[in-house]
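This report concerns only the one structure given below.
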Amino acid sequence: MAASAVTATPGATPYTVVLADERAHEWLADEPRELQGADAGPMPTELLLSSLGACTAITLRMYAARKGWPLDDVRVVLRLNPQGAPADGHSEIQRQLVLHGALSAEQRERLLAVANACPVHKLLTGEIRIATTLDAPAATQG
């Protein structure tokens, strides 16, 4: 997998963030109105869930197509901490796969295993280290 880079820049309204990648795609993140956001885009946690959902759906479609399996459609429903934040400090993502097509029980089980091996699933279930650096402030003109 190629290295990915995304830049996050505050937007014109409070809490709205413009996100951009190196291929010139742009999208927004925001907070809902009840948190003083403009509700102009998904919350950061929803973006995290969408990454897992997109990767799962793409991986399943690719695998089924390669095998020639009759996967007509796939829907991935994700929820973050649906019962509230766990007391142990860990978070839980519930993922439900809805597979449409004349798939055998064996094919459905194999697709479940494939979903658990999608790249974003592996990333989220592995150890993640975040190295943060702080650039020196730009010189101010006096």
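Structure notes:
- Hull volume in cubic angstrom per residue (convex hull over the Cα atoms of the chain): 197 Å³
- DSSP loop trypsin sites (Lys or Arg not before Pro) with at most 11 other Cβ within 10 Å excluded, longest remaining stretch of the chain: 24-128
- For region 1-41, relative contact order (Cα pairs under 8 Å, six or more residues apart, normalised by length) works out to 31 percent.
- Excluding exposed DSSP-loop GluC sites (Glu not before Pro) (at most 16 other C-beta within 10 Å), longest clean stretch of the chain: 23-91
- Across the options P14, G37, H100, the greatest Cα extent toward the positive end of the charge dipole of region 1-132 (unit charges at beta carbon of Lys, Arg, Asp, Glu) belongs to H100.
- For the chain, averaging the sequence separation of C-alpha pairs within contact (under 8 Å, six or more residues apart) and dividing by the residue count gives a relative contact order of 15 percent.
- Remark: region 14-110 carries a charge dipole of roughly 560 debye about the Cα centre, counting +1 on each Lys and Arg Cβ and -1 on each Asp and Glu Cβ.
- Volume of the Cα convex hull of region 6-87, divided per residue and given in Å³: 152 Å³
- Take the convex hull of the alpha carbons in region 1-41; its mean projected area over all directions comes to 3.2 nm².
- For M62 and L112, the difference between the fully extended length at 0.36 nm per residue and the C-alpha to C-alpha distance is 16.6 nm.
Read the figures in this text as sums done on the coordinates, not as results from a lab. Nothing here was measured: the structure is a model prediction, and the numbers come from that model. For neighbour counting, all protein chains shown are included, and Cβ atoms are generated from backbone atoms with ideal geometry for every residue, glycine included.
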